[in-house]
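Some notes on the structure that comes next.
The values are calculated or read from the model by the stated rules, or taken from the named source; none is laboratory data. Computed from a prediction, not measured in an experiment: that's the story for all the values here. Please note: Cβ atoms are built from the backbone with ideal geometry, for glycine as well, and neighbour counts cover all protein chains shown. Protein only, heavy atoms only, side chains kept; ligands, DNA and RNA dropped before computing areas. Shrake-Rupley method; radii C 1.70, N 1.55, O 1.52, S 1.80 Å.
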Amino acid sequence: MAKRRKAKQRDSRAPRFWGRHAVTAALDNPQRTIRKLWATHEGVSGLDLPSDLTVEMAGAADLGRLVPHDAPHQGLVIEVEPLPDIAIEDLLADAGDGRPLVILDQVTDPHNAGAIMRSALAFNALGLVTQDRHAPPESGALAKAASGALEILPWCRVVNLARALDQIADAGFWRIGLAGEADMELADALGGKRIALVLGAEGAGMRPNVAGHCDALARLPISDRIESLNVSNAAAIALYAHHQGVKS
């Protein structure tokens, strides 16, 4: 298990999560500090709450004013502290079991990042690596899209992604950058090595310096009737392809 360190102060406001999956996952995470819970009587029914947790009962309309417009709070809203940081060295110390690693280069949309976390956890990835500054902060939208994965999947934020890719290579990973213009298909790039999948932002893709720190660039074999896939869809397909290759 990767060690967590004290979280850096990234935002003066504490994140608020909403919805049953995000809230119950945060409550079940011993690493997560919960500041306060707002709940309807129906929403809180059946939850095993810590005795020292501050709970304010409220109506559904009151909860609606605590979250973005039309956010599906399902009668539960919590205010939390950001999770402690994970150092790249600690994450890579757990890399001996062959699980894939996912690296995101300036993927800033919280819905995409959350969906990628969900897929990474579903396919037993070692963790997620992003830049510190060019990644979405912990937020209700991210937690909702991750559907609990934010609380479980190790997430390492680094200052310099190219330098982190060098460390990842030193740990024995074969770094595959997904790029629609690549000549090689992903199946040919996977091989039998420990895999790190690198994905860039939609539209811009990976930055040249990040692509230059990959061992191979590969594309998904999609129809020429569509130009590209959403980055979260591409991540899910690539993780599934790796999973199938490991099984075969």
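Give the percent of DSSP beta bridges with both residues in the chain that are antiparallel, rounded to the nearest 5.
Working: 11 of 37 bridges.
Here the share of antiparallel DSSP bridges comes out near 30 percent.
If you bin all the Cα-Cα distances of the chain at 10 Å, starting from zero, the percentages per bin are 7, 31, 32, 19, 9, 1. Applying 0.36 nm per residue to the separation of Thr33 and Asn233 and subtracting their alpha-carbon distance, the gain on full extension is 68.9 nm. Placing unit charges on the Cβ atoms only, positive for Lys and Arg and negative for Asp and Glu, gives segment 1-147 a dipole magnitude near 200 debye about its Cα centre. For segment 1-121, DSSP calls about 75 percent of its internal beta bridges antiparallel. Averaged per residue, segment 167-245 has 53 square angstrom of accessible surface, using a 1.4 angstrom probe with ligands and nucleic acids left out.
Need one number for segment 28-121: average projected area of the convex hull over its C-alpha atoms, nm². Could you put the intermediate results ahead of the total?
Working: hull surface 33.7 nm².
Hull-based average projected area comes out at 8.4 nm².
For the chain, what is the mean residue ellipticity at 222 nm derived from helices alone (per DSSP H run of n ≥ 4: -39500 (n - 2.57); sum divided by total residues; nearest 500 deg cm²/dmol)? Before the final figure, lay out the partial values.
Values: 10 runs with 79 residues, N = 248.
Calculated from helices alone, the mean residue ellipticity at 222 nm is -8500 deg cm²/dmol.
Between Ser51 and Asp183, the distance separating the two model label sites (each 7 Å from Cα on the Cα→Cβ line) works out to 6.8 nm. An ellipsoid equivalent to segment 192-248, defined through the eigenvalues of its Cα gyration tensor, has semi-axes of 20, 17, 9 Å when rounded to whole angstrom and sorted largest first. Of the DSSP beta bridges with both residues in segment 123-248, give the percent that are antiparallel, rounding to the nearest 5. Counting only bridges with both partners in segment 123-248, antiparallel ones make up about 5 percent.
Tell me the trypsin sites (Lys or Arg not before Pro) within segment 141-248 that lie in a loop according to DSSP and have at most 10 other beta-carbon atoms within 10 Å. Walk me through the numbers on the way to the answer.
Working: sites: Lys144, Arg157, Arg163, Arg175, Lys193, Arg194, Arg219, Arg225, Lys247; in loops: Lys193, Arg225.
Here the trypsin sites (Lys or Arg not before Pro) that fit, given the DSSP loop and packing criteria, are Arg225.
Which peptide among 31-38, 54-61, 107-114 comes first, and what is the full order, when sorted by highest mean count of other Cβ atoms within 10 Å? Could you put the intermediate results ahead of the total?
Working: 31-38: 17.8, 54-61: 12.1, 107-114: 20.2.
Ranked from most to least packed, the peptides come out as 107-114, 31-38, 54-61.
How large is the dipole of the chain about the Cα centre if only Lys and Arg carry +1 and Asp and Glu carry -1, each at its Cβ, rounded to the nearest 20 debye?
Numbers: 26 positive and 30 negative charges, 75 e Å.
Computed about the Cα centre, the dipole is about 360 debye.
Per-residue packing, averaged as other Cβ atoms within 10 Å, sorts the ranges 182-189, 147-154 into the order 147-154, 182-189, beginning with the highest.
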